[in-house]
4 protein chains.
Amino acid sequence: MAEEPHSFFSVARVEAYTDAVFAIAATLLVLDLTTNTIGEVASDAELWTALAAMLPNLLSFVISFLLLSRLWVIHFQQFRELERADGVLLWINNVRLLFIVLIPFTTSLAAEYPDYVAGRVALPVNFFVAALLGHATWTWASAKGGHLLKEEAKQDAYRSARAGLSAVICGAVAAIVSPWVGSWGFLAYVFNGPLGSLLQRRAARQRA
Amino acid sequence: MAEEPHSFFSVARVEAYTDAVFAIAATLLVLDLTTNTIGEVASDAELWTALAAMLPNLLSFVISFLLLSRLWVIHFQQFRELERADGVLLWINNVRLLFIVLIPFTTSLAAEYPDYVAGRVALPVNFFVAALLGHATWTWASAKGGHLLKEEAKQDAYRSARAGLSAVICGAVAAIVSPWVGSWGFLAYVFNGPLGSLLQRRAARQRA
Amino acid sequence: MAEEPHSFFSVARVEAYTDAVFAIAATLLVLDLTTNTIGEVASDAELWTALAAMLPNLLSFVISFLLLSRLWVIHFQQFRELERADGVLLWINNVRLLFIVLIPFTTSLAAEYPDYVAGRVALPVNFFVAALLGHATWTWASAKGGHLLKEEAKQDAYRSARAGLSAVICGAVAAIVSPWVGSWGFLAYVFNGPLGSLLQRRAARQRA
Amino acid sequence: MAEEPHSFFSVARVEAYTDAVFAIAATLLVLDLTTNTIGEVASDAELWTALAAMLPNLLSFVISFLLLSRLWVIHFQQFRELERADGVLLWINNVRLLFIVLIPFTTSLAAEYPDYVAGRVALPVNFFVAALLGHATWTWASAKGGHLLKEEAKQDAYRSARAGLSAVICGAVAAIVSPWVGSWGFLAYVFNGPLGSLLQRRAARQRA
């Protein structure tokens, strides 16, 4: 099947579908911030108090939105290197999107049950799996000598793989520590940049 | 009317609209997974129990998301073979999207009423009709000597028709057995691949 | 301002934004079909009864989805004739989209209050205003000798205007009779085709 | 990093993602207009009364939709001048979209708590921050001699900056007066046009 050009797909439509799914998942996050939870108030002070009580929800919203944005940027960076997609890549992408779509749910778990293990673990695990599937996308695309990559991307394939690996490692750390620290574990992503550089430099040295 | 070039449409915008509808239908599925059904919990164990009670909803979500993805892939495969659209194709597509948009509703029926016939039947019937309209799209596009197909797709038109027919047959089987087995009937799709190959080989033999 | 090329916009992005708004409005319609209204049931018969009670909602959903599809097709037909957009066209389009976004609300009014004038009038009036703004789009684009139209569309501009006018007239009839007949007034759209042909033939005769 | 072409992105996909986010935020606004708030009615007069009671919600919906449309038009105007994006621009855009996504929430605050400071302030402040991030987009794109701009846009960069500045000033005025006047402060945007022209003329004079 992989022999016929028929089994390849242009990436443009995969990108369009992916963009729409990300955009909707990001926007649905706001549905957790409803005025329902405020209810009746009788003074300015009461409204401010009610809004202050929503701060954990707002924080969850901001964290999830920024992490979703990060995952979207990773997708963007990957797909501009792709020449074409095949059926396997399409399905890795579909399952990846399944975990993107779950994020509004795991975000509300995180916002409402921060005192319980399941509430602290759900969101970091969700992001970890999404990052892992992002890595799988790249691994598949750059397999068989980069059979889905653009010509100019093939040289750099190992560097990009290291950058993706770094995101997976940070995601794993955030997930592992989450039963104790909850969403604070996302601070592990701070090390994403330096770790990525380190891995890439090591890979370059091994090659030389 | 079919005589004037004026009555043809470029497929790009049909694809863009379709992608957005699929993406939203897929994302709305997650609204069924709300923390509302969990409510107040007092311990880790209670939260895990509440989450375990949501497993049927989660399963419905995953099944519907993957079937929606499958229908999207079929749409993707079809439309890359199309040179242009006409008014009839546009309206087949619109009605097809109507049944895509219904899926979040039939999914929640399936998740909440698995003990009743209507709950077991709704989702498989919905997918069957969507698959049928997918087949109708292809039948219309390849009619009149493939009047809406790209030049290079005309040769293979009969093969693609057989592949689509196979999806319709699996969908019909899943719908027919659903009163007794519910969503397990979707396992009929496992036979989609082999059945499609069989139908295509038979068609090739008849031609030769 | 109209003198500088700077004040013109490419239509591609207007189309992309419009497609997304239509797709979301069409998909939100399904939120009115929720299992909440069914609640607890104890037998197959009860579930069928509960579903039968939702038939008016389902009918409203289907009517609104098809009318939205129709308005999207009209938009599609118009914009493929446009060479470029200007600020005025952009804002006519934005207000047009405002009335598209309102449709899920007026649809639920129609579904839940069919016994009252406001419930019967809301949806037809909404569609009428949307059709009117569609006509305004075309009127503006074809003004000043078709300053926003593609070269090949300028000849046919008067015919397309008549086709649009016919949709506005049907919409007006549906809105005017709606206090008495409700959504049945949409049957006025059945005359859209013949009326459009008639108006176009008359226009052609006057020109000759 | 800015040295390698690798660190630049095409703007097309940023636009596609942005369009989808704007479209969804605009469409979610309608969810505030639900028939839930109407409930049971027993006569035409009661339904009209219930609908009249929704007028403030409808007004909020219209204001937010039009301001969102305005912000979208500004985004459209900016991005057609861009040759490419870089990582910084991508993240300014992502944060900008975060404030777009918040608008359905701040709109419902404005609609439901017009009698309290927080209710009057939320929406104008939200729009002000979104306008500010719009200005930041342009400031970054036109920095370093317009390193992200199209060739033909570089000459006019200072004029466009003034136009953006005018929107920020109007947004600031609307936010500052909002504790006393609420959403009426948006009338400050009426001065957007003349103020923009004034600032542009002054900049042109200083240059000459």
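Observations on the structure shown:
- The set of residues in the range A:15-35 being in a loop (DSSP other than H, G, I, E, B) and either hydrophobic (A, V, I, L, M, F, W, C) or open to solvent by less than 10 Å² (accessible area, probe 1.4 Å) (or both) consists of A:33 alone.
- Helices (runs of 4 or more DSSP H) wholly inside the range C:57-176 that include at least 2 residues being touching a Lys or Arg at 6+ places or on another chain (Cβ under 9 Å), within 14 Å of chain B (Cβ to nearest Cβ) and among the basic types (Lys, Arg): none
- Which listed residue, of A:43, A:10, is among the polar types (S, T, N, Q), within 8 Å of chain D (Cβ to nearest Cβ) and more than 25 Å from residue A:127 (Cβ to Cβ): A:43
- Condition check for residue C:202: in a helix (DSSP H, G or I), among the basic types (Lys, Arg) and either modelled with pLDDT of 85 or more or buried (at least 19 other Cβ atoms within 10 Å of the Cβ) (or both): no
- The lone exception for residue A:63 - which of (1) crowded, with 22+ Cβ neighbours inside 10 Å; (2) under 19 Å from residue A:128 (Cβ atoms); (3) touching a residue at least 60 places away in the same chain (Cβ under 8 Å) it fails: (1)
- For the range C:181-197, a residue qualifies if it is of a type in the set (A, V, I, L, M) and either farther than 25 Å from residue C:127 by Cβ or without any contact (Cβ under 8 Å) to a residue 24 or more places away in the chain (or both), and the qualifying residues are C:187, C:188, C:190.
- Selection within the range B:184-199 - open to solvent by less than 70 Å² (accessible area, probe 1.4 Å) and not small (Gly, Ala, Ser): B:186, B:189, B:192, B:195, B:199
- Evaluation of residue B:138 against the conditions (1) in contact (Cβ under 8 Å) with a residue 40 or more places away in the chain; (2) in contact with a His (Cβ under 7 Å, 6 or more places away or on another chain); (3) not polar (S, T, N, Q) shows that the sole unmet condition is (2).
- If the condition is being among the hydrophobic types (A, V, I, L, M, F, W, C) and open to solvent by less than 10 Å² (accessible area, probe 1.4 Å), then the range B:66-82 contributes B:68, B:72, B:73, B:76, B:79, B:82.
- Some residue of the range A:88-107 being charged (D, E, K, R) and either within 23 Å of residue A:16 (Cα to Cα) or touching a residue at least 40 places away in the same chain (Cβ under 8 Å) (or both): yes
- The set of residues in the range B:13-40 being within 7 Å of another protein chain (Cβ to nearest Cβ), closer than 17 Å to residue D:20 by Cβ and polar (S, T, N, Q) consists of B:27 alone.
- A count restricted to the range A:83-107 and to residues that are under 30 Å from residue B:36 (Cβ atoms) and within 14 Å of the chain's Cα centre (by Cα) stands at 13.
- Residue in the range C:175-198 that is among the β-branched types (Val, Ile, Thr) and modelled with pLDDT of 85 or more present: yes
- Test result for residue D:48, facing chain C (nearest Cβ under 7 Å), modelled with pLDDT of 90 or more and surrounded by fewer than 17 Cβ atoms within 10 Å (Cβ to Cβ): yes
- Positions within the range A:27-46 being in contact with a helix residue (DSSP H, G or I) (Cβ under 8 Å, 6 or more places away or on another chain) and farther than 22 Å from residue D:34 by Cβ, in sequence order: A:44
- On inspection, residue A:67 does not qualify as of a type outside the set (Gly, Ala, Ser) and in contact with a Gly (Cβ under 8 Å, 6 or more places away or on another chain).
- Qualifying position, being of a type in the set (Asp, Glu) and not in a helix (DSSP H, G or I), among B:40, B:46: B:40
- Positions within the range D:134-183 being within 14 Å of residue D:88 (Cα to Cα), open to solvent by 60 Å² or more (accessible area, probe 1.4 Å) and polar (S, T, N, Q), in sequence order: D:139
- Any hit, the range C:116-128, residues being over 29 Å from residue D:59 (Cβ atoms) and free of Cβ contacts under 8 Å to residues at least 60 places away in the same chain: no
- Qualifying positions in the range D:83-109 - open to solvent by less than 20 Å² (accessible area, probe 1.4 Å) and among the basic types (Lys, Arg): D:96
The values are calculated or read from the model by the stated rules, or taken from the named source; none is laboratory data. Predicted model, so just to flag it, every value in this text is computed and none were measured. Neighbour counts are summed over all protein chains in view; Cβ atoms, including those assigned to glycine, are modelled from backbone coordinates with ideal geometry. Each accessible area value is taken on the protein alone, full model and side chains, heavy atoms only, with ligands, DNA and RNA left out. Shrake-Rupley method; radii C 1.70, N 1.55, O 1.52, S 1.80 Å.
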